[in-house]
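Notes follow the structure.
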Amino acid sequence: MSYRMSSRLAIAALLATGTATVLAASPPTAPDERAAETVAHMTTDELGTLVHGPMAMGLFDMKVPEGAVPGAGYIPGIPRLGVPALTESDASLGVAYLMGIRKDGATALPSGAALAATWDPAVLREGGALIGSEAHAKGFNVLLAGGVNLVREPRNGRTFEYLGEDPWLAGTLDGASIAGIQSAHVISTLKHYALNDQETGRQFIDSRISEAAARESDLLAFQIALEQGQPGSVMCSYNRINGAWGCDNDWLLNRVLKGDWGYKGFVMSDWGAVHALEYALHGLDQQSGEQLDKQVYFGAPLREAAARDPRYAERLKDMNKRILRSIYAVGLDAYPPVVKPIDLQANAAVAEKAALEGIVLLRNQGALPLDAGSVKRIAIIGGYADTGVLSGGGSSQTHGLGGPALARPRGGDGPLAGFLTEQYHRSNPLKSIQAQAPGAEIFFRDGRHVADAVAAARKSDVVVIFATQGMTEGLDAPDLSLPDGQDQVIAAVAAANPHTIVVLETGSAVLMPWLEHTAAVVEAWYPGARGGEAIAALLFGKANFSGRLPLTFPASESQLPHPALAGSDTIEPDFMGNGHAGQSLSVDYDVEGSDVGYRWFARRGERPLFPFGFGLSYTTFETGGLAVQAGKQGVVASTSVRNTGARAGAEVVQVYLTSAADRPTRRLVGYQRIELGAGSSGKVQLSVDPRLLARWESNGWHQAAGAYRFALGRNAVDLGSAVDVQLPEKRWQDVGRAIAKRKGH
Ligand code: BGC
């Protein structure tokens, strides 16, 4: 061992147990170089350490390994070399509650759909930094976050975790969240790679799609998030993609991720997604949650394979190098987690701000904002609004101290059934509304009986009716109707009182057969730790609405590319989306290709109930003309915006491509949220990513020569006047590689 090496390892070992300040004094070394050095000093046993690990949940008969924090998983470290253990927790919306096993609480951010509805990377970044810091303060150094599967299938039970249907919006927001998490020296994943777009049959469904369609849609979202967030790890998915399992997919892992995109971090498996040793050769670097697989393939079998087969020996070194590289790049060894108390009160303010920005006003017939001075009798109906706000189920479930205010069973028994229950955060809409209108008389009705709800509606000035769509990992919604007969109650209440305001707490889009009869509709999603307070502040105009839909709300399921959920007629899913042994399922994503969400609606000329990008405000905005310039720096769009109303608010400027080389299309190519005081104006300039103008053709991007037409959109349907720009023909190999190199990734 050279002196240089031994002193560096000694420092690393010291830092693993001590404080972080020493490292700042020593010269920084590139993570690649450090990783290579450490690998060179690893024994055969040590080479086998970082590449697999168990679940650490303490559920069933699984013990929490020594040194682990109760959480999703654990990978032992190598103290001799100063390599820290990986202590892993879910997920993107907060440090997962794990049914209270740690007996602690964490800040629950609003759902991914709500965060995406902010169209504000700063909110995602701040939220990421918050959950990263909370993870760190609980002893975790890996967050299984960064979910960016596109909403191809709005009935997907995990729609609430993800960031909408558009690759640019979802990718940029996800990148911001990942960067925020990693600023706390906690590795974030980017997941679930890829095309894991529904839960039904998730452990065996085959997502069939052409390369071009995948590159222009789901893969593009991952690629953008990767470039902007530089995640230490990518989690491969359960499903198959064009026949090959997500974690055994040579094309997806070796060719696209590590080849074309130049990714230097490591690929970890989803829990229970490894079915053979050969996965190592096809790009998987770490077997997670190993008790769920038939064998610990990356344990003894991998070590033995490495002893006899140079391909495995080489891969084993590469796997270690990749894991170490991320450990060093994110500073896990230099800044180890320090368990300390968390100021949940202060952090809840961040969750509340995110909710205020992400809640969307869908309809307002002059009913909102409510005037606390004049409204005397308010009926609040349904949605357990006297108790809490809904959250999403499954591994991402997060709760504050004391756990859920209410957990409503969805059937089944045993510990896993607990993950499925519909759980409510301790943030009370009823009390928050009462606090906004202390002089008003408030009635609550649970909404179970139509007659009772109608009677309450009749004797009040205003009705606020809460409706919920509980969604969870492991189960898709059978359709987009509100469950539990809520449509019937809303319709009856709206008929009884014209001042009916509907507040939706949904994971995804829902149908609204009663829409025309309501005075206002608010999409509050799963609004997080301070959701009740945020809803009330917006209803009473203490804050202005600025959220915009990150996914299309269809008028009917017949408008979707897949009018019925794939497998809904054949697969009987269990909690893990397994279905039953021997079943198989495939879904043909070439039906819509890369025209996901609003792009499909534009292609078919279908009018949705509410389009992607839609959202109202208490003020009004006027945008100036759109100018688009094509130069050496690429395409740049600019405009000005003025707040023409009487109160402060935020507009989300959206620029769409409506035809490319004379071919009609619809594509969000830039967006920016801008806050403006009453009467004030601002300028917006957006650089268009060249991939959004191009098509994927024969192994690369192709921008055909011709006229490209752009328009400002209030949303994906309401477009302003068009601006044409001539662009030359261009072909290039993946720009991701160039961008990754530039950022030193
Ligand atoms: C989920 C992942 C999660 C993992 C660990 C899996 O079932 O798909 O998103 O990170 O469990 O809890």
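The values are calculated or read from the model by the stated rules, or taken from the named source; none is laboratory data. Keep in mind that what you see is a predicted model, and the values were worked out from it rather than measured. As a convention, Cβ positions derive from the backbone with ideal geometry for all residues, glycine included, and neighbour counts pool all protein chains shown.
Out of all the residues in the stretch 597-624, which are at pLDDT 95 or above and more than 16 Å from Ala716 (Cβ to Cβ)?
Within the stretch 597-624, Ser617, Tyr618, Thr619, Thr620, Phe621, Glu622 meet the criteria.
For the stretch 173-186, does any single residue satisfy the condition of being within 13 Å of the ligand (Cβ to nearest atom) and either in contact with a helix residue (DSSP H, G or I) (Cβ under 8 Å, 6 or more places away or on another chain) or assigned by TED's automatic domain parsing to the domain that holds Gly649 (or both)? Step through it out loud before you land on a result.
Narrowing the stretch 173-186 to residues within 13 Å of the ligand (Cβ to nearest atom): none.
Within the stretch 173-186 (the criterion being within 13 Å of the ligand (Cβ to nearest atom) and either in contact with a helix residue (DSSP H, G or I) (Cβ under 8 Å, 6 or more places away or on another chain) or assigned by TED's automatic domain parsing to the domain that holds Gly649 (or both)), the answer is no, since none of the residues qualifies.
Among what's in the stretch 395-416 and is within 15 Å of the ligand (Cβ to nearest atom) and surrounded by fewer than 22 Cβ atoms within 10 Å (Cβ to Cβ), pick the residue that is modelled with the highest pLDDT. Spell out how you get there, then give the answer.
First pass over the stretch 395-416, keeping only residues within 15 Å of the ligand (Cβ to nearest atom): 395-398, 415-416.
Checking which are surrounded by fewer than 22 Cβ atoms within 10 Å (Cβ to Cβ) leaves us with 395, 415-416.
Working: Ser395: 95, Pro415: 72, Leu416: 77.
The selected residue is Ser395.
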Inset, instruction - Could you list all residues from the stretch 132-147 that are aliphatic (A, V, I, L, M) and in a loop (DSSP other than H, G, I, E, B)? - result: Ala145
Inset, instruction - List every residue pair whose Cβ atoms lie under 9 Å apart, where the two residues are 6 or more positions apart in sequence or sit on different chains, the first residue falls within the stretch 579-595 and is without any contact (Cβ under 8 Å) to a residue 40 or more places away in the chain, and the second residue, located anywhere, is of a type in the set (D, E, K, R) and assigned to a loop (DSSP other than H, G, I, E, B). - result: His580/Glu572; His580/Asp574
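Mind listing whichever residues of the stretch 599-641 are basic (Lys, Arg) and part of a strand (DSSP E or B)? Spell out how you get there, then give the answer.
So in the stretch 599-641, the residues basic (Lys, Arg) come out as 599, 603-604, 607, 632.
Once the filter is applied, which keeps residues that are basic (Lys, Arg) and part of a strand (DSSP E or B), the stretch 599-641 yields nothing.
Quick grid of which residues meet (1) under 16 Å from Ala129 (Cα atoms); (2) among the charged types (D, E, K, R):
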position: Val338; (1), (2): yes, no
position: Asn347; (1), (2): yes, no
position: Gly358; (1), (2): no, no
position: Leu361; (1), (2): no, no
position: Ala367; (1), (2): no, no
position: Asp371; (1), (2): no, yes
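Condition test on Ala114, is it more than 24 Å from Asp285 (Cβ to Cβ), among the hydrophobic types (A, V, I, L, M, F, W, C) and buried (at least 24 other Cβ atoms within 10 Å of the Cβ)?
Working: more than 24 Å from Asp285 (Cβ to Cβ): yes; among the hydrophobic types (A, V, I, L, M, F, W, C): yes; buried (at least 24 other Cβ atoms within 10 Å of the Cβ): yes.
The answer is yes for Ala114.
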Inset, instruction - Restricting attention to the stretch 263-303, report how many residues are surrounded by fewer than 18 Cβ atoms within 10 Å (Cβ to Cβ) and within 16 Å of the ligand (Cβ to nearest atom). - result: 3
Inset, instruction - Select from the stretch 239-262 the residues that are crowded, with 24+ Cβ neighbours inside 10 Å and part of a loop (DSSP other than H, G, I, E, B) and write down the one among them that is farthest from the ligand (Cβ to nearest atom). - result: Asn249
Inset, instruction - Considering only the stretch 358-415, give the strands (runs of 3 or more DSSP E) lying wholly within it that have at least 2 residues that are out of contact with any helix residue (DSSP H, G or I) (no Cβ under 7 Å at 6 or more places or on another chain). - result: 360-364, 406-408
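Yes/no matrix, rows are residues, columns are (1) modelled with pLDDT under 95; (2) away from the ligand (no atom under 14 Å from the Cβ); (3) assigned to a loop (DSSP other than H, G, I, E, B):
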residue	(1), (2), (3)
Gly105	no, yes, yes
Ala114	no, yes, no
Ala129	no, yes, no
Asn149	no, no, yes
Arg152	no, yes, yes
Gly171	no, yes, no
Inset, instruction - Hey, could you check the stretch 80-97 for residues that are outside any loop (DSSP other than H, G, I, E, B) and among the β-branched types (Val, Ile, Thr) and say which is nearest to the ligand (Cβ to nearest atom)? - result: Thr87
Legend entry - Which listed residue, of Leu727, Leu693, Leu712, is surrounded by fewer than 21 Cβ atoms within 10 Å (Cβ to Cβ) and at pLDDT 95 or above: Leu727
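Criterion first (touching a residue at least 40 places away in the same chain (Cβ under 8 Å) and under 25 Å from Asp260 (Cβ atoms)) does Arg709 satisfy it?
Values: touching a residue at least 40 places away in the same chain (Cβ under 8 Å): yes; under 25 Å from Asp260 (Cβ atoms): no.
When the stated conditions are applied, Arg709 does not pass them.
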Inset, instruction - Go through the stretch 704-719 and give me each residue that's under 30 Å from the mean Cα position of the chain (by Cα), of a type in the set (Gly, Ala, Ser) and farther than 20 Å from Gly164 by Cα. - result: Ala711
Legend entry - Residue match in the stretch 224-233 (condition: in the same structural domain as Gly175 (by TED's automatic domain parsing), surrounded by fewer than 24 Cβ atoms within 10 Å (Cβ to Cβ), on the phi < 0 side of the Ramachandran plot and within 16 Å of the ligand (Cβ to nearest atom)): no
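Here are Ser374, Ser432, Ser427: which of them is away from the ligand (no atom under 16 Å from the Cβ), modelled with pLDDT of 95 or more, buried (at least 16 other Cβ atoms within 10 Å of the Cβ) and over 23 Å from the mean Cα position of the chain (by Cα)?
Numbers: Ser374 fails: buried (at least 16 other Cβ atoms within 10 Å of the Cβ); Ser427 fails: over 23 Å from the mean Cα position of the chain (by Cα).
It is Ser432.
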Inset, instruction - Look at Val296 and say whether it is under 17 Å from Asn196 (Cα atoms), outside any helix (DSSP H, G or I) and in contact with a strand residue (DSSP E or B) (Cβ under 8 Å, 6 or more places away or on another chain). - result: no
